[in-house]
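The values are calculated or read from the model by the stated rules, or taken from the named source; none is laboratory data. The model shown is predicted, which means the values in this text are computed figures rather than measured ones. With ideal geometry, Cβ positions are generated from the backbone for all residues, glycine too; neighbour counts draw on all protein chains shown. When the accessible area is computed, the model is the full protein with side chains, heavy atoms only, and any ligands, DNA or RNA have been set aside. Shrake-Rupley method; radii C 1.70, N 1.55, O 1.52, S 1.80 Å.
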Amino acid sequence: MVGELVRWFEELGKEDVALVGGKAANLGELASKIKVPVPPGFAITAEAYRYFIDYNDIKGRLNEILSGIDVRDVQKLREKSAEIRELIESGDFPADLEAEIVKNYEKLGERVGMKEPFVAVRSSATAEDLPGASFAGQQETFLDVRGSEAVLTAVKKAFSSLFTPRAIAYRVEKGFAHEKVALCAVVQKMVRSRSAGVMFTLNPVSGDADVVVIEGSWGLGEMIVQGTVRPDRFFVRKEDLSIVKREIGYKDKMLTRKEGEAGGTIEKEVPADLREKPCLTDEQVRKLAEIGIKIERHYGTPQDIEWAVDDDTDEIFILQARPETVWSVKAAAEEAAAKEGARGAVAVSGIPEGAVSREKGRVAEGKIILKGLAASPGIAHGKVQVVRDVSEIEDFEEGRILVTRMTSPDWVPAMRKAKAIITDEGGMTCHAAIVSRELGIPAIVGTGNATSVLKDGQDVTVDAKRGIVYAGFVSIGEEAAAKEAAEVKAEREIPSVISAEEIARFVVTATKVYCNLGVPEIAEKVAALPVDGVGLMRVEFIISTHIGEHPLKLIEEGKEQKFIDALADGIATVGRAFYPRPVVMRFSDFKTNEYRALRGGEKYEIEEANPMLGWRGASRYIDPEFEPAFRLELKALKKVRDEMGLKNVWVMVPFCRTVREMELTLKLMAEEGLERSRDFKVWLMCEIPSNVILVDEFSRLVDGFSIGSNDLTQLTLGVDRDSEKLAHLFDERDEAVKRAIAYFIRKAHKHGCTVSICGQAPSVYPDFTEFLVRCGIDSVSVNPDAVVSTRMLIAQVERRIELERSLGLL
C-alpha cells in the first residue's frame, strides 16, 4: 500500500491541491475552514490515481499515444482520447485501494443514515480550479451513483476523464504537462435538489464587483451549465443584500433522480405551474448571496460557486467553489501594470478590448438582425458557420463566427478557432458563456433562433458588448451608434433616468397612461416608467425577429410548436414585466408584402398593388387559407394566460372591416378556449370608418376599443400615409378626423365600452392629447419616450377641466 489513498473533507484544506486536486481541496476548505454547508464526502487522492496507473502499467503507453499530438486535428484527438480512456477503464483496482474506497463509501452511508447512499462521483484534477485556469467541465461527473460496484466503476471513469479530447486540448493550450496532472475522485452525498445553479460573486459579464449574480433552475444544476434552460437570474447588492434585479426564466425542463433503486438521472418536463415561478425565495437568494460573500472574503478573490437546495430539508448546500477566472486575471494584470508605471500597456489575456478590424470595401449597413445576452464582451466581424451537432465540429473553419444551439465541453476545440460565438440558448453562466469569457472570444447567448436566422457564409458583425448581431461589416463607434439610433423606432428611445423632481410632480390621473411596445427585450425598462400598462403590444417584431418564418411554412413542416413557443415567450416577457398591469396584445397585422418577407412567405402570399388596403387583420384570420396560422397565435396567447399564469394579457383585433368578421374572429377564439371574461378583455382597434359608423354594433361584441389614429386618418381623408406627395394632407388633427373620434368616444361610452388610443398622434401633438382628454377618453397609449411628458400634460389638463367646471365654464 502506498501513501494516503482517501481523505475526508474535514481533513482537507486549500493547501492540499497537490494531494486531492482543486475541487476536493476547495470542498475541504469550505467545510473545515469557512464552515459553510457542504454535503459530506471524501476524496480519493492523487496518490491513489498514480497507484492505479502504475499497477496497470499504463504510464508508458500514455506517453506513447500522446507523443506529438496535434490538438487542432479534431478527429485524431478523438481517436487518441478514446484509446486512452479504454486503456484506463479496462484496468483493475489494486485490492487494498478497492477495499479502501468501499470501506469509506460504507462509512459515508452510516453518516447520512443510508446503507447504500446515492452519491456524486466528481473529478478533481490536481491542476484545476487555479486562478487563471479553469478546468470546469474538462473532466466528468457522475450523478446519483448507488452501490459499491457502481461507485468503483464511476471512479475509473472519472480517472479516464482526465484524457477527454477537451481535457487534452485544454492542457496543451494552457501549457500543463500531461504527466504532471493527476485525477482525484470526489465521492460525495448526492443532494436531492429541488433547485440548483451557480453563483458569481461579481457580474461575470461586466466585472461589477459590487453585486452577486445567482442563476438557478429546478432540479439539478447541470441544465444551466449545458444551457438547455433559461434560468432565473438574481442580482444582489453586496452592501445590503438587497435584490436589485430579478429575471425569471422559462424553465420547461429539469434533470432529476430516476425513480427506483438503480439511481442515475433523467430529464423531465417541469410542471406547468412551476415553469414561470422563481426557483428560489427571496430569503434563499439573500442567504446564498451571504454565503457567497463569506467565501469570497475568505479567499480574497471573486468566486464561481455551485449550489443546491435540498428538496427534503430546504437546506442550502454549496457543492463547489473555485476562483472566477476572467476578471480576476484582468485585475491582477492591471495591478501589475500599475506597479510598473505602465497602466494599459499590458495585454490582458482573456479580456477582449473590442478592437474593430477595418476591412476595405465593406459597407456599414448597421441593420440589426439578432439580439441576445451579451455573455463575453468584445466585437468581431466575420462569416457565419452554423454547426448543429458536435459531430460536425471538425469541419468548422478557423476564423468563422460559430453559431449553434449550445456548446458543451466537447465543443472547445472548435470554440478556440472561432472569431465569435452565438448560441440559441443559455444564460451568462452556461458553458458557452464561461468558456468564451476565458478564451477572450466575443459571445452572445440565448438569442432563441440564431441557428435559423443566420446562414452559412453570411457576413455579420457581432457586438457582444450589447448583445447585438448586425448584417454585414459595421464599424462600432460613434458613427455606427448614430446610424443605429436613427434606424430604431421611437419606442427604443426611453429615458434611462427620471428625475426626482419629475416624479414628485406626478399625480394620479383619471385618464390612464399606457405605452406602445413591440420589442420584448425592453419591457422591463419600460415597465419602470410611470405607466399604467401596455395599450398596444405589437407581435410583429417577435414573429419577424424571433421566428422569422411564415407560420404556414412551419405548419407544413410540422413545426407549429416552434411558432407557439417563441411567440408565447415574447408575449410573456412583456406580461411578466408589467404584471399585474394590463398588457393589450394586438393580433398580428402584417400586410401581404410583409408576410412575403418572412422565410417561405412567397409560397403563401399573393402580390397586391396596395397591401395597406388588402389582405390584413381580421379578414386574414377568418380566411380558410390563413386560419390555421391564426390559431397558432391563439394557442400562444392561451399558453401565456393559462400555462404561464399571466392573466393580465388581454387582446385586440386589428383592421376589422365588418361586424361579421368580428363575430367569426370571436368564434375562432372561443374554439381555442379564449372567451371574454372578468379577467380577459377583448378590444377592437378602431381604424376604419365602418368601426365609427357601426360603433353600436361592434360594442356588443367587445369590452373596449383602441383608436388607431394612423389608419383612421388615412381612410377618413383618403390619404396614403406612405405617400411623400400627400404628406402635407396627412394630419390626425384634421377636423373630420377629430369629429369622428369625438363621436366614437361618446357612442362607445353610451354602450358601456372603454376607449383608448394607440396611434402616433398623442405621442407627437400635446394639443391632440388635450382634445382626447376633453372628449373623455379612458386611456392614452403613447411611445415610451413620451410617457412622462404625457402623464404630466394629462394631469394639467384634468386640473384645468376641473377648474373650468367649478367656475361653470363647462
Based on the Cα coordinates of region 685-810, what is the per residue volume of their convex hull in Å³? 110
Surface share of carbon and sulfur [accessible, 1.4 angstrom probe, percent] for region 677-778: 50
For region 208-255, what does the equivalent ellipsoid look like in terms of its semi-axes, each the square root of 5 times an eigenvalue of the Cα gyration tensor, given largest first in whole Å? 24, 10, 8
Pull up all non-local amide H partners of MET406: gap of 5 or more, or a different chain, and H-to-H distance under 5 Å with H placed in the peptide plane. ASP424
By how many nm would the segment from GLU540 to GLU672 lengthen if fully extended, with 0.36 nm per residue of separation less the alpha-carbon distance? 45.4 nm
Proximal lysines relative to LYS371, as straight alpha-carbon distance under 19 Å, when same-chain residues fewer than 8 apart are discounted: LYS383, LYS419, LYS455, LYS465, LYS483, LYS489, LYS525, LYS562
Which of rounded, prolate or oblate describes region 571-700 when judged by the alpha-carbon gyration tensor and an a/c cut-off of 1.5? oblate
Roughly how many nanometres apart are two label points built 7 Å out from the Cα toward the Cβ at THR153 and LEU726? 7.7
Please give every one of the lysines within straight-line cross-link reach of LYS156, meaning a C-alpha to C-alpha distance under 22 Å, and leave out same-chain neighbours fewer than 8 residues apart. LYS23, LYS59, LYS80, LYS103, LYS107, LYS180, LYS189
Going highest first, how would you order 797-806, 537-546, 23-32 by mean Cβ packing within 10 Å? 23-32, 537-546, 797-806
What does the extension gain come out to for MET114 and ARG416, with contour length at 0.36 nm per residue minus their alpha carbon separation? 104.2 nm
Within-9-Å neighbourhood charge of VAL702 [Cβ basis; K, R +1; D, E -1]: +2
